[in-house]
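Following: one structure in structure tokens, then a few remarks.
Laboratory data are not the source of any read-out in this text; all were calculated from the coordinates shown. Quick caveat, the model's predicted, so the values are computed rather than measured. Positions of Cβ are backbone-derived with ideal geometry, glycine not excepted, and every protein chain shown enters the neighbour counts.
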Amino acid sequence: MRNEIKKVLKSKNGQTSVELILLIGGILVITIISGTYIYKINSEINNQFSQTMKQGRDFLLNKI
């Protein structure tokens with residue numbers, strides 16, 4: 001496996017450059033989509049937590 005990677009990196013062929021660029025681009029796209037999805041889930045959890053804390057605070061203040 002290691003020798004294959006070295007062959008690809010040392011190759012003077014333009015095809016290798018295109019493949020590496022597409023591979024890096026694909027990884028970036030997957031990272032951006034995953035990051036957006038995780039951020040959305042995190043925002044929803046944070047919003048629900050804030051609502052729960054607000055309801056608990058209001059409930060305790062009303063009991064006093």
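Go ahead and run the numbers for FRET between Met53 and Ile33, Cβ-Cβ distance against an R0 of 25 Å, rounding to 0.05. Walk me through the intermediate numbers first.
Details: r = 31 Å, r/R0 = 1.23.
Efficiency computed from Cβ-Cβ geometry: 0.20.
If you plug the beta carbon distance of Ser43 and Ile64 into 1/(1 + (r/R0)^6) with R0 = 30 Å, you get a FRET efficiency near 0.40.
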